[in-house]
Amino acid sequence: MTTPTQILVIGGGQSAEHEVSLESAASVEAALRRRGYAVESITIGRDGRWQRGDAERDDTAPGGRVVDTLAAALPAIARADVVFPAVHGALGEDGTLAALCALAHTPIVGSGVRAGAIGMDKWATKLVAEAVGIRTAPGRLVHARALAAVAFDGDAVVKPVGGGSSHGVALVRDAIGLDAALRAAALHDDRILLEQPVVGREIDVAVLREADGSRWAAPPLEIHADGLFDTATKYDGSARFSVPAVVSETERAAVTEAALRMFDALDCAGVARVDFFLTDDGPVLNEINTMPGMTAASQVPRMFAAAGVPYDELLARLVDAAAVPVRDRRCAPATPTPGGAG
Ligand SMILES: Nc1ncnc2c1ncn2[C@@H]1O[C@H](COP(=O)(O)OP(=O)(O)O)[C@@H](O)[C@H]1O
Ligand SMILES: [Mg+2]
């Protein structure tokens, strides 16, 4: 009998998506256990303290310094064959957990540092998308320290550059609304994006990188939101999805092609959810999520279920893909330059 693969699932985190992440982590952990993996779990509290197990940290307990709790968690990262960082948002999905695991030489499920960091930055995502020929909403970047200088110049969607779960996102139609929206967005990030509102259907595409390195997209999903797909609608059970989305073959091909191009441009791994507005003139990229919601009822698992890959199987494929040893570049010997000092 072979020893089961040891997985460490990390959930929680310090962003506004802490709660959602706990749900993703709990679902992932249960599914991996069903598949026979040996699973350990760690919860990062809202305050940044690391705690073994999936229980919410008791905030009343006298805690040590954050760094001490992190140090205590490192052996779990070291003994894991694979880490599943189910932490959405800042200080998780943005590449920070990928960086920690890379330094520890422990493979992770999902994207590495670079794809996580760029994907979490809605401004950088826009620049990359435009560079590879994918349209995005025209927008401008403002800094929280210069909000007083921002004038209203038409309807805009205001959002924190590094946000998630629609926290701090608002549609503004006048100067008073703009002021309030900027202040709300500034609670989440120092950099704020003002975007032209896009009129289109919200269509999301999930892409999976398999263990053999190939990647493919599941059938797109449509979100039926009345206006902004806001935080309340996302999590109060009232969100309506169509999986697969009812789109023409041309539209399906266009969003799928754009999703794969974006996945490749960032060199994502694991799963990513690439979100579009489908307009009369074709797809406009909204954002890319490199650690999307991962409960069985979340969008990505539903899209793969529609493609014939059930939830538990999806998670097993993610673990298999993570466990493939990446080409080891760390110790590559320098190629000698003929006749030169190189
Ligand atoms: N430029 C835009 N035009 C129209 N609606 C938008 C625009 N940007 C965002 N939205 C709406 O706001 C929601 C949340 O914005 P998004 O950029 O996806 O932030 P988050 O990372 O918090 O999900 C989107 O799902 C969409 O409904
Ligand atoms: Mg979104």
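Tell me, which strands (runs of 3 or more DSSP E) wholly within region 32-144 include 1 or more residues that are over 21 Å from the mean Cα position of the chain (by Cα)?
Fully inside region 32-144 and qualifying: 38-44, 50-52, 139-143.
As an exercise: evaluate TRP216 against (1) more than 16 Å from ligand 2 (Cβ to nearest atom); (2) of a type outside the set (D, E, K, R); (3) part of a strand (DSSP E or B); (4) open to solvent by less than 30 Å² (accessible area, probe 1.4 Å) and give the number of the one condition it does not meet.
With (1) more than 16 Å from ligand 2 (Cβ to nearest atom); (2) of a type outside the set (D, E, K, R); (3) part of a strand (DSSP E or B); (4) open to solvent by less than 30 Å² (accessible area, probe 1.4 Å) applied to TRP216, the lone miss is (4).
For region 227-240, state whether one or more residues are farther than 27 Å from ALA156 by Cβ, open to solvent by 30 Å² or more (accessible area, probe 1.4 Å) and more than 16 Å from ligand 2 (Cβ to nearest atom).
For region 227-240, residues farther than 27 Å from ALA156 by Cβ, open to solvent by 30 Å² or more (accessible area, probe 1.4 Å) and more than 16 Å from ligand 2 (Cβ to nearest atom): present.
Filter region 162-207 down to residues that are assigned to a loop (DSSP other than H, G, I, E, B) and more than 10 Å from ligand 1 (Cβ to nearest atom) and give me whichever is farthest from LYS126 (Cα to Cα).
Out of the qualifying residues, it is ASP174.
Please indicate, with yes or no, whether at least one residue in region 234-249 is more than 23 Å from SER298 (Cα to Cα) and either more than 11 Å from ligand 1 (Cβ to nearest atom) or at pLDDT 95 or above (or both). Working first, answer last.
Of all residues in region 234-249, those more than 23 Å from SER298 (Cα to Cα) come to 248-249.
Pick out the ones that are also either more than 11 Å from ligand 1 (Cβ to nearest atom) or at pLDDT 95 or above (or both) and you get 248-249.
Yes: one or more hits.
Can you tell me how many residues in region 275-293 are closer than 18 Å to ARG252 by Cβ, within 12 Å of ligand 2 (Cβ to nearest atom) and either part of a loop (DSSP other than H, G, I, E, B) or among the hydrophobic types (A, V, I, L, M, F, W, C) (or both)?
Number of matching residues: 3.
Kindly establish whether ALA137 is in contact with an Asp or Glu (Cβ under 7 Å, 6 or more places away or on another chain) and either over 22 Å from ARG201 (Cβ atoms) or away from ligand 2 (no atom under 16 Å from the Cβ) (or both).
No, not satisfied.
Say we look at region 143-156 and pick out the residues that are open to solvent by 20 Å² or more (accessible area, probe 1.4 Å) and hydrophobic (A, V, I, L, M, F, W, C); which of these is nearest to GLU17 (Cα to Cα)?
Top of the filtered list is ALA144.
If I go through region 260-274 residue by residue, how many of them are in contact with a Lys or Arg (Cβ under 9 Å, 6 or more places away or on another chain) and in a helix (DSSP H, G or I)?
So the count comes out to 4.
Hey, ALA148 hits all of (1) more than 28 Å from the chain's Cα centre (by Cα); (2) at pLDDT below 95; (3) not in a helix (DSSP H, G or I) but one; which does it fall short on?
ALA148 satisfies every listed condition except (3).
Quick check on my filter: what residues within region 1-31 are closer than 20 Å to MET291 by Cα, open to solvent by 10 Å² or more (accessible area, probe 1.4 Å) and either of a type in the set (D, E, K, R) or in a loop (DSSP other than H, G, I, E, B) (or both)?
Answer for region 1-31, where residues must be closer than 20 Å to MET291 by Cα, open to solvent by 10 Å² or more (accessible area, probe 1.4 Å) and either of a type in the set (D, E, K, R) or in a loop (DSSP other than H, G, I, E, B) (or both): GLN14, SER15, ALA16, GLU17, GLU19, GLU23, GLU29.
HIS224 is checked against (1) open to solvent by 30 Å² or more (accessible area, probe 1.4 Å); (2) within 15 Å of ligand 1 (Cβ to nearest atom); (3) in contact (Cβ under 8 Å) with a residue 24 or more places away in the chain; (4) not charged (D, E, K, R) and fails just one. What number does that condition carry?
If we test HIS224 against (1) open to solvent by 30 Å² or more (accessible area, probe 1.4 Å); (2) within 15 Å of ligand 1 (Cβ to nearest atom); (3) in contact (Cβ under 8 Å) with a residue 24 or more places away in the chain; (4) not charged (D, E, K, R), just (3) comes out false.
What number of residues within region 227-248 are without any contact (Cβ under 8 Å) to a residue 60 or more places away in the chain and closer than 22 Å to LEU314 by Cα?
Matching residues across region 227-248 total 2.
Go through (1) within 16 Å of ligand 2 (Cβ to nearest atom); (2) open to solvent by less than 20 Å² (accessible area, probe 1.4 Å) and name the single condition HIS188 misses.
Here HIS188 clears every test but (2).
The values are calculated or read from the model by the stated rules, or taken from the named source; none is laboratory data. Model, not experiment: these values are computed from the prediction. Note that each Cβ is placed from the backbone with ideal geometry, even for glycine, and that neighbours are counted across all protein chains shown. Each accessible area value is taken on the protein alone, full model and side chains, heavy atoms only, with ligands, DNA and RNA left out. Shrake-Rupley method; radii C 1.70, N 1.55, O 1.52, S 1.80 Å.
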